[in-house]
Amino acid sequence: MSRVGSVLAVMAHPDDPELWAGGTLALHARTAPVIAAVQAHDAVRNAEALAGGKALGAEVVLAEALDAAVVTELILRHRPEILITHPIDDVHPDHRRIAAAVMEGLVDAVIATGHPKKLYACDSYNSLTLSGPVAGSVIVDVTATFEQKMTALREHRSQPITDHFGPMAENLGALWGARIGASRAEAFTALPILGRLPGTAHL
């Protein structure tokens, strides 16, 4: 069985790591370092980000300007094996901006360090992007950590979790789970790093 790799999640909003990848981050955090870097907001949302990260078992980095230079510095400092960000064609403009910063910032870091080894785009609102449905080429069973994800998501009390994001997370978790015969799952799409995609030894 392959070793669980360290993760750097670079996302736009304080609740994005929990919402789009919380179960997976919690799963990795059981045996590997997990860093969640998000754009800093006001004091309330920053505190929620720290609380949500703690619930997932992840270290949270609050970046005042989450641009390409910051992404490069984060990769050089932490050397993650896996990097997760938003879809390049996400429906949310803030998500697209962060994804573009990741794509720009990882080039120099990969050339210098060889990290990250894998790059994934996470899910989005109702699994839709500007180009159509999220491909979901990689689906992770997060049944064991889904309640941990929801606990972390509920730390974001300033946001419409109960009536909006919470139900969407439940629905998406059940949908992706059904596709792999699990109770709950999260979907990701592998993105090329300088022309390289993750390989596999067998099906």
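The values are calculated or read from the model by the stated rules, or taken from the named source; none is laboratory data. All figures in this text were calculated on a predicted structure; none of them were measured in a lab. Neighbour counts run over all protein chains shown; Cβ positions are idealised from the backbone, glycine included. Side chains included, ligands, DNA and RNA excluded: accessible areas come from the protein's heavy atoms. Shrake-Rupley method; radii C 1.70, N 1.55, O 1.52, S 1.80 Å.
Residues that are of a type in the set (D, E) and modelled with pLDDT of 95 or more, at least 2 per element: which strands (runs of 3 or more DSSP E) completely within segment 116-203 meet that?
Details: elements: 118-121, 138-141, 185-191.
Here the list is empty.
Taking the options E104, E73, name whichever one is over 30 Å from A178 (Cβ atoms), in contact with a helix residue (DSSP H, G or I) (Cβ under 6 Å, 6 or more places away or on another chain) and not aromatic (F, W, Y). Full working, then the answer.
Values: E73 fails: in contact with a helix residue (DSSP H, G or I) (Cβ under 6 Å, 6 or more places away or on another chain).
Going through E104, E73 in turn, just one is over 30 Å from A178 (Cβ atoms), in contact with a helix residue (DSSP H, G or I) (Cβ under 6 Å, 6 or more places away or on another chain) and not aromatic (F, W, Y): E104.
I84 - would you say it is in contact with a Ser or Thr (Cβ under 9 Å, 6 or more places away or on another chain) and closer than 30 Å to A178 by Cβ? Steps first, please.
Details: in contact with a Ser or Thr (Cβ under 9 Å, 6 or more places away or on another chain): yes; closer than 30 Å to A178 by Cβ: yes.
The answer is yes for I84.
Somewhere in segment 142-151, is a residue touching a Gly at 6+ places or on another chain (Cβ under 7 Å), among the basic types (K, R) and within 24 Å of A187 (Cβ to Cβ)?
Yes, segment 142-151 contains a residue that is touching a Gly at 6+ places or on another chain (Cβ under 7 Å), among the basic types (K, R) and within 24 Å of A187 (Cβ to Cβ).
Quick grid of which residues meet (1) of a type in the set (S, T, N, Q); (2) out of contact with any Asp or Glu (no Cβ under 7 Å at 6 or more places or on another chain); (3) open to solvent by 40 Å² or more (accessible area, probe 1.4 Å):
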{"residue": "A112", "(1), (2), (3)": "no, yes, yes"}
{"residue": "D123", "(1), (2), (3)": "no, no, no"}
{"residue": "V134", "(1), (2), (3)": "no, no, no"}
{"residue": "T151", "(1), (2), (3)": "yes, yes, yes"}
{"residue": "S158", "(1), (2), (3)": "yes, no, yes"}
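I'd like to verify a number: residues in segment 55-104 that are of a type in the set (D, E, K, R) and in contact (Cβ under 8 Å) with a residue 60 or more places away in the chain, how many?
First, the residues of segment 55-104 that are of a type in the set (D, E, K, R): 59, 64, 67, 73, 77, 79, 81, 89-90, 94, 96-97, 104.
Keeping just the survivors that are in contact (Cβ under 8 Å) with a residue 60 or more places away in the chain gives 79, 81, 94, 97.
Of the residues in that region, 4 qualify.
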